[in-house]
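Asker: Below you will find the structure I want to go over with you.
The values are calculated or read from the model by the stated rules, or taken from the named source; none is laboratory data. Fair warning: this is a prediction, and the values are worked out from it, not measured in the lab. Ideal geometry is used to build each Cβ from the backbone, glycine not excepted, and the neighbour counts take in all protein chains shown. Note: accessible area is taken over every heavy atom of the protein model, side chains too, but ligands, DNA and RNA are not part of it. Shrake-Rupley method; radii C 1.70, N 1.55, O 1.52, S 1.80 Å.
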Amino acid sequence: MPCLEEIYDVVVVGAGHAGCEAALACARLSLETIMFTVSIDSIALMPCNPNIGGSSKGHLVRELDALGGEMGKNIDKTFIQSKMLNESKGPAVHSLRAQADKQDYTREMRRTLENTDHLTIRQAEVSEIIVEDGKIRGVKTFSGAVYRSKAVVLATGTYLNARCIYGDVSNATGPNGLQAANHLTDSLKANGVEMFRFKTGTPARVDKRSIDFSKMEEQFGDRRVVPFSFSTDPDTVQKDQVSCWLTYTNERTHDIIRANLDRSPLFSGAIEGTGPRYCPSIEDKVVKFPDKERHQVFIEPEGLYTNEMYLGGMSSSLPEDVQYAMYRTVAGLEQVKIVRNAYAIEYDCINSRQLKPTLEFKAIEGLFSGGQFNGSSGYEEAAVQGFMAGVNAAMKVMGREAFVLDRSQAYIGVLIDDLVTKENHEPYRMMTSRAEYRLLLRQDNADLRLRKIGHQMGLVSDKELERTLKKERDIEAEVERLEHTNIGANGKVQEFLESHGSTPLKTGATLAELVRRPELDYEMLAELDDRRPELSSDTAEQVNINIKYQGYIRRQEQQVAQFKKLESKRLNEDFDYSAVKSLRREAVQKLNLYKPVSIGQASRISGVSPADISVLLVYLEQMRHGGGREGKD
């Protein structure tokens, strides 16, 4: 019986945050791309928290934008509150976070996708991958239709064999009650793909009218909003913002949870999957932190045109009667009415060590993978992986060099390196502490770090690149001017310093020397600086950071230079490490398992010691001078 058969350059399976970025990247590079979703209504769905960004996640979104991704632009169009987090700390950990109108976010992304040339959207369940001679040849849908392609990107999120659970209730559905994808796992396993079972969870959504906000602390957005996208004019995002609210659990809440742990599928064994350590359920928090008297609960609106409110910090899989009982012990929620129950969701994902740093499967050429399917958590982590997988699928099809960011270039590089190099037995979450070079990888300079790369790939326009190059020139010129502009110890200067609690000058000083004083900054010195040029706020910020943290930045740049030396020592991916007789057995096993692409990556594999790396370096040197050759330039 004949079935539909079509041909595309790239097939993308999934239309969440990873799938959207993958599909857009491929289509914008003029490749004929088809994106599959089990439901059109799940395009760019935000099934959990109603926000984009946050600590370290904001870095990822700004890096994605600098490279030519869409998430930053989309949240700038659809946010309802925006806030720069950690402003009391150093610039390395400043992170932008914006509350989204969920429906607007989905609608706006769908509009972008539907109006992108070379991109086809198809509602259908992909049930099989087609592999011939170790190479991907396309996919087959549940209806039997065949879609031939040169590359496939898997971005199935939390939909594969998904199961939503609370109490004794277990539904074989994806998030928000949408259809699960129940057939692809078998095909992946049949092709040798190793699968994990992970879980995540979400709190209840409640009716705004049943909340007493007078018992809560109001949380406001920033007075001056900083956009996520470097392409967004800051003046266009200054608008009235909605409030969020903060309240707390208490001992009564915790007593109810403890009394019902036997009814929690998390503790009864009904849930098999491993959950995220850094985004635990309220049951986990109460059990793991028994001495903590209260936990924060953030009340966040789901949008401008709905009364649904999200109870951030109170994810749960407890039965609905227990959910009602515990939520109603929280100040301001005494009369709360639940619109949607909290639930846990279990799903199939892969062991990400099967992937190359390009996010291509080692064993199946042309098959790429991104997002929560790789064993990560979060919209932002998903989006950047989808983008990188999509770009590398495109590079593969076009016969161009693969694109990899290393740990010194971007948080994206840290995220992917951690996924493909380290053993991950729980959903991976990005954190600033994971980035060794975080003073260099700030969210404020993502355009200066990555715009040129995005332009080289063909995803950043000439106009956007020129804007970044001008900013770069302006920063360099202004730093140079400040380093060579001297001011005397006159009365005006001394009065200024005294008014800001700064030590008076005994002799003259440069403006840069004053900027470096902890109590002063570039903006403050404007009244002493008659020749100051007109600079944009983000350019002025870079000038201040570059001068104030100059010593620390130089030190990290030296560390990066050492890191690059190890990364530049390439390894053949088919090398048998048992040939290196002096390596420990565990190191041989791990190196043969992971097949690192460089000495740098090898050094980060769990079970490979510094002594093993020294042995490997000596062996490589002997091979080069002895006629054999293991490393490749």
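Asker: Figure the gain on full extension for residue 586 and residue 259 (residue separation times 0.36 nm, minus the Cα-Cα span) and round it to one decimal in nm.
Answerer: Working: separation 327, 0.36 × 327 = 117.72 nm, distance 4.48 nm.
Using 0.36 nm per residue and subtracting the Cα-Cα distance, I get 113.2 nm.
Asker: Full-extension gain between residue 463 and residue 103, please, as 0.36 nm times their residue separation minus the C-alpha to C-alpha distance.
Answerer: Numbers: separation 360, 0.36 × 360 = 129.60 nm, distance 3.13 nm.
Net length gain for the segment: 126.5 nm.
Asker: Another question, if that's okay. Can you check how the C-alpha radius of gyration of region 1-135 compares to 2.2 N^0.38 Å, as a plain ratio?
Answerer: Working: Rg = 17.3 Å, N = 135, 2.2 N^0.38 = 14.2 Å.
Relative to the 2.2 N^0.38 Å estimate, region 1-135 comes out at 1.22.
Asker: Could I ask something else about it? I want to check the label-to-label distance for residue 561 and residue 189. Put each point 7 Å from Cα in the C-beta direction and report it in nm to one decimal.
Answerer: According to this spin-label approximation, the distance is 5.3 nm.
Asker: Next question. Region 1-69 to region 287-350: how many Å between their Cα centroids?
Answerer: Between the Cα centre of region 1-69 and that of region 287-350, the gap is 29 Å.
Asker: Would you mind getting me the FRET efficiency between residue 320 and residue 365? Use the beta-carbon distance for r and R0 = 51 Å, nearest 0.05.
Answerer: Values: r = 48 Å, r/R0 = 0.94.
The pair residue 320/residue 365 has a calculated efficiency of 0.60.
Asker: If you don't mind, another one. List the trypsin sites (Lys or Arg not before Pro) within region 290-331 that fall in a DSSP loop (any state other than H, G, I, E or B) and whose Cβ has at most 11 other Cβ atoms within 10 Å. Spell out each step's value before the answer.
Answerer: Values: sites: 292, 294, 328; in loops: 292, 294, 328.
Qualifying residues, ordered by number: 292.
Asker: With +1 on each Lys and Arg Cβ and -1 on each Asp and Glu Cβ, how big is the dipole of the chain about its Cα centre, in debye rounded to the nearest 20? Could the numbers behind the result be given before it?
Answerer: Numbers: 82 positive and 91 negative charges, 262 e Å.
The dipole magnitude comes to about 1260 debye.
Asker: Once fully extended, how much extra length lies between residue 423 and residue 500, figured as 0.36 nm per residue of separation less the alpha-carbon to alpha-carbon distance? All intermediate terms of the calculation are to be shown ahead of the outcome.
Answerer: On the way: separation 77, 0.36 × 77 = 27.72 nm, distance 5.07 nm.
Here the answer is 22.7 nm.
Asker: Excluding ligands and nucleic acids, what accessible area in Å² is computed for residue 150 using a 1.4 Å probe, to the nearest 10?
Answerer: For residue 150, solvent-accessible area is about 130 Å².
Asker: Using a Förster radius of 56 Å, what is the FRET efficiency between residue 337 and residue 236 based on their Cβ-Cβ separation? Nearest 0.05, please. Spell out each step's value before the answer.
Answerer: Working: r = 37 Å, r/R0 = 0.66.
Computed FRET efficiency for residue 337 and residue 236: 0.90.
Asker: At 222 nm, what value in deg cm²/dmol follows for the chain if DSSP H runs of at least 4 each add -39500 (n - 2.57) and the sum is divided by all its residues, to the nearest 500? Can you show the working numbers first?
Answerer: On the way: 20 runs with 220 residues, N = 633.
Mean residue ellipticity at 222 nm (helix-derived): -10500 deg cm²/dmol.
Asker: Given a cut-off of 22 Å, name the pairs among 135/581; 83/548; 73/452; 215/337; 57/337; 73/140 whose C-alpha atoms lie farther apart than that in the structure shown. Kindly include the intermediate steps, with their values, before the conclusion.
Answerer: On the way: 135/581 34 Å; 83/548 24 Å; 73/452 18 Å; 215/337 17 Å; 57/337 31 Å; 73/140 33 Å.
Correct reply: 135/581; 83/548; 57/337; 73/140.
Asker: Given H placed on each backbone N at 1.01 Å, which residues far from residue 248 in sequence or on other chains put an amide H within less than 5 Å of it?
Answerer: The answer is 297, 331.
Asker: What does the net charge come to around residue 189 if you take all other residues with beta carbon closer than 15 Å to its beta carbon, with K and R at +1 and D and E at -1?
Answerer: On the way: positive: 197; negative: 128, 186, 194, 348.
With Lys, Arg at +1 and Asp, Glu at -1, the neighbours total -3.
Asker: What distance in nm separates the two pseudo spin-label positions at residue 575 and residue 289, each 7 Å out from Cα along the beta-carbon direction?
Answerer: The answer from the label model is 4.5 nm.
Asker: Taking a label point 7 Å from the Cα of residue 606 along the Cα→Cβ vector, which residues of region 418-441 have an amide N closer than 13 Å to it?
Answerer: 418-428, by backbone N distance to the label point.
Asker: Just the number please: accessible area per residue for the chain, 1.4 Å probe, all protein chains included, in Å². Display every interim value, and only then the final one.
Answerer: Details: 26950 Å² over 633 residues.
Accessible area per residue, the chain: 43 Å².
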